[in-house]
1. Which of the aspartates and glutamates could be linked to K55 by a straight reach, that is with a Cα gap under 18 Å, when you skip same-chain ones fewer than 8 residues away?
2. Taking the simple approach of a point 7 Å from Cα along Cα-to-Cβ for both K242 and D256, what is their distance in nm?
3. Explain nothing, just compute: Karplus ³J(HN,Hα) = 6.51 cos²θ - 1.76 cosθ + 1.60, θ = phi - 60°, for every residue of the range 87-100 in order, whole Hz, x for Gly and Pro.
4. Going by average Cβ density within 10 Å per residue, which order do the peptides 147-155, 123-131, 240-248, 67-75 take, highest to lowest?
5. Please work out the FRET efficiency for the pair K194 and S164, using the Cβ-Cβ distance as r and a Förster radius of 41 Å; give the result to the nearest 0.05.
6. Show me 107-119, 49-61 ranked by packing, highest mean number of other Cβ atoms within 10 Å first.
7. What nm value, rounded to one decimal, do you get for the distance between E210 and D88 when each label is placed 7 Å out toward the C-beta?
8. Could you tell me which residue out of A132, I192, A223 lies farthest along the dipole of the range 127-263 toward its positive end? Charges go on the beta carbon: Lys and Arg +1, Asp and Glu -1, centred on the Cα centre.
Amino acid sequence: MDGQEVLMLILIFVIGDVLIYFVWKNVGNKRVVTPIIPEEGSIREVLLDRVRFFKNLKPAQQDVFLKRVVYFLHTTKISAEKGSVITDEHRVLVAASATIPLFHFETWSYEYLDEVLIYPGTFNEKYNTQEANRNILGMVGDGVMHRKMILSLPALLSGFSKNSDSNTAIHEFVHLIDKADGEVDGVPEYLIPKELIQPWMEEMEQTISEIRRNKSDIRDYEATNNGEFLAVVSEYFFQKPKMLKADHPELYELLDEIYCAKK
Ligand SMILES: [Zn+2]
């Protein structure tokens, strides 16, 4: 063997090891959970009572929605943390928030989420629910919180209160969808058709600069960055579609295409 062949062999071994590492890392990540699944009748009751998006669906679509809620509950652990107490209704509302943005994508599910932690209230960056200056309502985890989402219980509930135009849980699930391509950048590459990426980026830029110049009625927080922009306008899109359509028709049209809502 000459020097070149030895080098090739070493390279093959190194690449092989890297491949084995990644395959091993990505197989079997989805933990088996012991789910708490309410009966279908009571799930439907909660959905009809609390979830406007569900009420507006046709009966056949409602059946599909319900099945997806059940699937989510089967595959995702929902845990009460830091002293919070959760009920079946709360579990159904988490699953409904997950189902709403992906409803028109039949083959999609949250394969990169294992657990949703429910905190009793707002929290800070150290996941503390007691200290002063806690202002976080929900987050998609990173690092030790990888594959987890945290939601504040009051924020979850207020998203489904009558006439609420914001919805923390939907917001966080949109971040998770955005993150699926590796980056929370306001461009959910798995959902958005390629030809729509450019118009969508332009619309984001234009609306964000309007917000910064105080010319828009949309919440200021949305102008923080593109990821927040997508999450906040998606809340409006699912909570108050008619209002968004009247106030921002172009933005509405693009979201309608991104979420395939015309189907
Ligand atoms: Zn956010």
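1. E40, E45, D63, E89, D165, E235
2. Taking the two extended label points, one gets 1.5 nm.
3. 10, 4, 4, 4, 4, 5, 5, 4, 5, 5, 4, 6, 6, 4
4. By packing density, highest mean first, the sequence is 147-155, 67-75, 240-248, 123-131.
5. Computed FRET efficiency for K194 and S164 comes out at 0.75.
6. Those peptides, ordered most packed to least, come out 107-119, 49-61.
7. 4.5 nm
8. Looking along the dipole axis, the top candidate is A132.
Any read-out appearing in this document is the output of simple, stated calculations on the displayed coordinates, not a laboratory observation. Predicted model, so just to flag it, every value in this text is computed and none were measured. Positions of Cβ are generated from backbone atoms using ideal geometry, with glycine treated the same way; all protein chains shown enter the neighbour counts.
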